[in-house]
Every structure is written in structure tokens, then in C-alpha cells.
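Below: the structure, in C-alpha cells.
Quick note: the coordinates plus some simple rules give every number you see, no bench work behind them. Because the structure is a prediction, the values reported are computed rather than measured. Glycine gets a Cβ as well: all are built from the backbone with ideal geometry, and neighbour counts include every protein chain shown.
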Amino acid sequence: MTFPDMMSAVYLTGHGGPETLEFRGDVPVPKPAADEVLIRVGAAGINNTDVNTRIGWYSKAVEGDTEAAADNLAADAEDASWTGRPLVFPRIQGADACGEIVAVGADVDPARIGERVLVASLQPAADAADEWDFITWGSECDGGFAQFATARSVHAHRVQSTLTDVELASFPCAYSTAENLISRANCKAGDIVLITGASGGVGSAAVQLCKRRGATVIAMASASKHEQMQALGADRLLDRNEDPVAVLGEQSVTLVVDLVAGDGFPGLIACLKRGGRYATSGAIGGPLVSLDVRDLYLKDLTFVGGTAQAAETMPNLIRYIEAGEIKPLVAQTFPLSEIRKAQDVFLQKTFVGKLVLLP
């Protein structure tokens with residue numbers, strides 16, 4: 001199989017505004033290391049982590065929500081990546097990708113050439129010190145915002161599906177994040193789950209994955225998105241601006257999957273029954289919240305954060321996809337060259353599901 005020496009890709013040149021995203025047509029096609037594969041990228045999804053990394057939202061100097069941070073950059077480059085360590089520039093971002101293996105490293109079976117794959121977004125570091133030592137594909141190494149990308153063979157998962165590359169590219173980051181989070185929070189049949197930010201990538205994935213486990217799902221999203229939330233399986237719908245305590249009552253749910261945080265946090269805790277669980281993997285409404293610690297211990301609550309992923313998370317996700325148990329939700333596609341426009345649309349949050357780039 002032949003491929004060019006040069007490719008189109010997007011370089012992130014530093015932390016900042018859209019001007020830090022540089023579309024180039026003269027980027028060398030990467031060569032796979034001994035344990036890696038080279039993938040021709042068919043499609044690449046956009047995620048919060050891409051924008052958060054670009055604007056430096058992970059820095060402790062940033063206290064506001066993602067949208068406010070994007071307009072008023074106040075990041076410290078020394079801790080502006082999700083790991084808290086400085087990022088190396090230029091970097092090709094993109095934690096989501098579907099594509100075809102076109103070449104392999106010396107230690108990889110050549111029979112893998114031609115496989116259609118999804119790349120795991122969260123990966124144990126090659127020299128991991130412990131089970132929590134992870135990297136993000138497209139953050140600590142180059143990712144999918146390019147025509148070609150390399151990944152360690154073990155993290156390039158074969159997928160057999162009639163879904164398009166665009167549809168498949170909407171799965172890895174959002175759905176693995178949601179699956180890992182609800183697994184860690186022990187979501188099960190009989191649970192009453194309140195999901196905030198339910199119309200986003202992780203939120204819409206969580207709606208489907210909680211329903212798959214037999215839970216009753218209450219989805220919080222803008223009223224204009226309720227019809228789509230219902231189509232995904234939500235049993236009850238709340239407007240994003242409603243007070244869940246006023247609508248549902250105190251001690252009304254067993255699990256909160258919160259992707260928003262911000263000012264609404266105390267109400268979510270009030271809604272939890274005794275012995276309930278609060279799980280989060282995002283804070284688009286603002287990372288700083290007010291907690292009455294008495295609620296935490298007097299109600300015997302469990303708080304769960306989700307980033308590092310269990311080894312079975314991605315294989316389970318592939319199994320769900322191949323069995324047709326979850327469905328993609330793609331709002332819009334853009335050429336890779338229009339990544340700045342795509343991220344602007346992403347920040348407006350007027351869509352349901354995922355935005356996907358075509359290299």
C-alpha cells in the first residue's frame with residue numbers, strides 16, 4: 001500500500017485563541033515505531049478536551065466555565081494541560097479517530113494492514129508508574145487531526161461495523177469516558193440517574209449507556225434538545241435552567257452523572273438519596289463549586305471522578321458498537337481545514353451529539 005510523504009494536518013502552536021490552530025499541507029507523514037501502526041484517518045471527532053487544552057482551561061489560574069475562559073484567556077502554560085505538565089508544541093490534537101491501518105512497525109503483525117480501527121483516546125503511558133498514569137492521544141502525543149496518524153498497536157482497536165467513518169469517529173472519547181465513569185459509579189438496573197449536560201458528546205453517550213444497563217434516566221438539557229434526548233431513551237427531561245430540587249425533590253435520585261458543575265452543583269447533591277453516588281468527568285459550567293461537607297458524610301454519599309480508564313472500557317465499547325447496542329449522534333461535519341469554524345460552533349453548544357472533521 002502506498003501513501004505520500006507529506007500530509008495535511010492541524011498544528012496547535014500554543015495555548016490561546018483560534019489563531020493557534022494552523023492548518024498545514026506540508027506536514028511529514030509519521031513513521032510508525034516498532035510497536036505502532038500507521039492509520040489513514042477517515043474522520044476525527046471534536047471534544048471538550050481539544051478546546052480545553054487549546055485555551056489552557058486546565059490551568060489552576062482559570063476559574064470560569066469553558067466559554068468564558070475561551071474569551072478571557074488567563075492560563076499559566078506551566079499547568080495548562082490536563083496532566084498539569086507543560087504541553088510540547090507544535091502538537092497535532094485529536095483524541096477521536098476512525099481510520100484504516102496502512103502500515104505497521106517492526107513488531108506488529110503485517111496482517112493488521114487493512115483493518116478498520118478506532119483509537120483509544122485515553123491510554124496508559126508507555127512507561128506508566130502506576131495504574132493512574134495515563135496520556136491522551138492528541139495531547140501528550142500527536143493524534144487524529146491529520147490525514148495520517150500513528151498509535152500503539154494495542155490501542156488501535158479493530159471494529160467491524162456498517163457505520164461510516166464519520167459515525168464511528170463520534171464514539172471513542174465521549175463514549176469511553178461515559179462508559180468508564182458509569183462503570184466506576186456502579187450504574188445498574190434500578191438506578192435513577194440524573195445526567196447534566198445530557199445533549200453533549202459525553203452526556204448523550206451516558207444517556208444511552210445508562211439505559212443499556214437498565215437505569216431510569218433523567219436528562220438535563222436545553223428544551224430545544226429534548227426531542228432528541230427522548231429519542232436516545234431518556235425517561236424524563238429537565239430544562240438546563242430548571243432547579244432539579246424544585247422539580248424532582250430532595251433525595252430523589254440514586255446517581256448523578258454531572259458534566260457541568262458550576263453554580264448548580266449544590267442542587268445536584270441535594271437530589272441524591274442517602275447512599276447515592278455523584279460522578280463527574282467534566283465541568284463546563286465552572287470547576288469551582290460549593291459543597292456542604294455535612295451532606296457528603298451524613299448522607300453516606302460516594303464521589304467518583306473519571307479520567308484514567310479500565311482496560312476493558314474500549315473493548316466493551318467496540319462490542320456494544322458491533323452489536324448495535326449504542327448509536328452514533330453526529331450533528332455536523334467540517335473539512336479539517338475549517339477546524340477554527342468547527343470549534344467556534346462547538347463552543348456555542350447549540351447542537352446535540354458530536355461535530356466531526358474530515359481530513
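When Lys and Arg each count +1 and Asp and Glu each count -1, what net charge do the other residues less than 9 Å away from A169, Cβ to Cβ, add up to? Working shown, then result.
Values: positive: K354; negative: D96, D165, E167.
Taking every other residue near A169 into account, the sum is -2.
Mean-square fluctuation check for the chain, GNM, Cα pairs under 10 Å: which of V245, V260, V119 is largest?
Among V245, V260, V119, the largest GNM mean-square fluctuation belongs to V245.
What residue among A331, A97, A111 shows peak mean-square fluctuation when the chain is described by a Gaussian network model with Cα springs under 10 Å?
It is A111.
Sort 312-321, 194-203 for me by packing, meaning the mean count of neighbouring Cβ atoms within 10 Å per residue, highest on top.
Working: 312-321: 18.4, 194-203: 28.2.
Per-residue mean Cβ counts within 10 Å order the peptides as 194-203, 312-321.
Among Y297, Y58, Y11, which comes first, second and so on when ranked by fewest other beta-carbon atoms within 10 Å?
Details: Y297 8, Y58 22, Y11 19.
The most exposed by this proxy come first: Y297, Y11, Y58.
Counting only helical runs of four or more DSSP H residues, what would the 222 nm mean residue ellipticity of the chain come to if each run contributes -39,500 (n - 2.57) and the total is spread over all its residues?
Computed ellipticity for the chain at 222 nm equals -6500 deg cm²/dmol.
Once you have the alpha carbon radius of gyration of the stretch 175-305, what is it after dividing by 2.2 N^0.38 Å, with N set to its residue count? Spell out each step's value before the answer.
Working: Rg = 13.0 Å, N = 131, 2.2 N^0.38 = 14.0 Å.
Against the empirical 2.2 N^0.38 Å value, I get 0.93 for the stretch 175-305.
Just to confirm a number: summing +1 for Lys and Arg and -1 for Asp and Glu over residues other than M220 whose beta-carbon lies under 9 angstrom from that of M220, what do you get? Please report the intermediate quantities before stating the final value.
On the way: positive: R240; negative: D239, E242.
Net charge around M220: -1.
I need the peptides 20-31, 225-236 ranked by packing, meaning the mean over residues of other C-beta atoms within 10 angstrom, with the highest value on top. Write down the numbers at each step before the final one.
On the way: 20-31: 14.8, 225-236: 17.8.
Packing order, densest peptide first, comes out as 225-236, 20-31.
Take D107, D5, D191 and order them by how many other Cβ atoms sit within 10 Å, fewest up front. Please report the intermediate quantities before stating the final value.
Values: D107 11, D5 7, D191 20.
Sorted ascending by nearby Cβ count, the order is D5, D107, D191.
Total Lys pairs in the chain closer than 25 Å by alpha-carbon, pairs eight or more apart in sequence or interchain only?
19
In the neighborhood of L232, defined by Cβ-to-Cβ distances under 9 Å, what is the net charge if each Lys or Arg adds +1 and each Asp or Glu adds -1?
Working: positive: K211, K327; negative: none.
Counting the neighbours of L232, the net charge comes to +2.
Considering all alpha-carbon pairs of the chain, what whole percent are spaced by more than 31 angstrom? Numbers along the way, then the final one.
Values: 20329 of 64261 pairs.
Above the 31 Å cut-off, the chain has 32 percent of its Cα pairs.
Given N residues in the stretch 128-202, what is its alpha carbon radius of gyration divided by 2.2 N^0.38 Å? Intermediate values should be presented prior to the final figure.
Details: Rg = 15.4 Å, N = 75, 2.2 N^0.38 = 11.3 Å.
Against the empirical 2.2 N^0.38 Å value, I get 1.36 for the stretch 128-202.
What is the antiparallel percent of DSSP beta bridges lying wholly in the chain, to the nearest 5?
Details: 30 of 56 bridges.
Taking every DSSP beta bridge with both residues in the chain, the antiparallel ones total about 55 percent.
Order these by the 10 Å Cβ neighbour count, fewest first: C173, C271.
Values: C173 31, C271 24.
Arranged by neighbour count, lowest to highest, C173, C271 become C271, C173.
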